[in-house]
1. Considering each residue of the stretch 106-152, count those that are within 17 Å of Gln55 (Cβ to Cβ) and in contact with a Leu (Cβ under 8 Å, 6 or more places away or on another chain), and give that number.
2. Go through the stretch 10-69 and give me each residue that's at pLDDT 90 or above and either in a loop (DSSP other than H, G, I, E, B) or hydroxyl-bearing (Ser, Thr, Tyr) (or both).
3. Does Ile30 count as over 21 Å from Val137 (Cα atoms), aliphatic (A, V, I, L, M) and buried (at least 19 other Cβ atoms within 10 Å of the Cβ)?
4. Here's a check for you: in the stretch 103-134, which residue that is of a type in the set (Ser, Thr, Tyr) and touching a residue at least 24 places away in the same chain (Cβ under 8 Å) is farthest from Asp158 (Cα to Cα)?
5. Just one of (1) in a helix (DSSP H, G or I); (2) under 30 Å from Val170 (Cβ atoms) trips up Gly123, so point out which.
6. Looking at the stretch 138-164, which of its residues are in a helix (DSSP H, G or I) and more than 12 Å from the chain's Cα centre (by Cα)?
7. In the stretch 72-93, what residues are under 16 Å from the mean Cα position of the chain (by Cα) and either surrounded by 21 or more Cβ atoms within 10 Å (Cβ to Cβ) or part of a loop (DSSP other than H, G, I, E, B) (or both)?
8. For the stretch 95-102, state whether one or more residues are surrounded by 14 or more Cβ atoms within 10 Å (Cβ to Cβ) and under 13 Å from Arg155 (Cα atoms).
Amino acid sequence: MTADNRSGRSFAFQPEALRPALLEGFVLAIATVASYLLAAHGLSAIHSLSPLDDQIGGLWAVVATVFVCRFAYHESINAADSRTIATLLSFALCLAYLLVFPFSPIGLAVIIGLGTVILKVFGHDKEIVTAGITTAVILVIAAPNPNPWEEPILRLADTLIGIAVGVAAVWLVRGPIRTYGSAAT
């Protein structure tokens with residue numbers, strides 16, 4: 001059964017893709033569970049704001065794992081680089097903001113706009129969406145927290161866990177990560 005989608009590509013069952021799809025689906029499923037458990041339970045053993053915040057941390061790590069886990073070396077490394085750049089910028093801007101001001105919709109807009117300008121002038125246009133989403137989530141989640149400045153720190157840790165698990169999952173499927181310029185599989 002074939003159906004065309006808006007991009008002009010067909011959506012058709014490909015029997016030859018079943019085995020690799022099952023392997024990659026299984027590995028991604030295991031990676032997301034590992035990522036969630038490490039962030040929600042491992043990191044919470046070090047510092048926990050609340051059980052709900054621990055679950056949010058697990059969610060954040062899962063998102064980073066899914067974002068990075070591409071099953072091709074160059075795609076995974078590029079995704080890890082992109083996620084790291086966006087998260088580090090968002091972390092720095094949100095932490096600076098929350099150390100001085102409480103959450104507000106105007107502050108949210110200013111920080112997202114400032115992050116966009118910084119990424120644009122440094123040639124990282126591809127990270128604008130990820131940084132904007134990261135900033136929005138961090139600031140909104142921080143709003144009810146009595147110590148809102150802790151959220152950027154925790155979300156950075158969650159993201160780094162998710163990135164590491166995602167890259168490790170690709171390594172498990174494809175073997176040791178090759179250097180740039182080598183054949184990608």
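1. Matching residues across the stretch 106-152 total 5.
2. Across the stretch 10-69, the qualifying residues are Thr32, Ser35, Tyr36, Thr65.
3. Working: over 21 Å from Val137 (Cα atoms): yes; aliphatic (A, V, I, L, M): yes; buried (at least 19 other Cβ atoms within 10 Å of the Cβ): no.
For Ile30, the condition - over 21 Å from Val137 (Cα atoms), aliphatic (A, V, I, L, M) and buried (at least 19 other Cβ atoms within 10 Å of the Cβ) - is not met.
4. It comes out as Thr130.
5. Among (1) in a helix (DSSP H, G or I); (2) under 30 Å from Val170 (Cβ atoms), the lone unmet condition for Gly123 is (1).
6. Listed by number, the residues that qualify are Ile138, Leu139, Val140, Ile141, Ala142, Glu150, Glu151, Pro152, Ile153, Leu154.
7. If the condition is that a residue be under 16 Å from the mean Cα position of the chain (by Cα) and either surrounded by 21 or more Cβ atoms within 10 Å (Cβ to Cβ) or part of a loop (DSSP other than H, G, I, E, B) (or both), then Ser76, Ala79, Ala80, Arg83, Ala86, Thr87, Leu89, Ser90, Phe91 are the ones that fit.
8. The answer is yes; a qualifying residue exists.
The values are calculated or read from the model by the stated rules, or taken from the named source; none is laboratory data. Just so we're clear, the structure is a prediction, and the values are computed from it rather than from any experiment. No Cβ is skipped: glycine too gets one built from the backbone with ideal geometry, and neighbour counts run over all protein chains shown.
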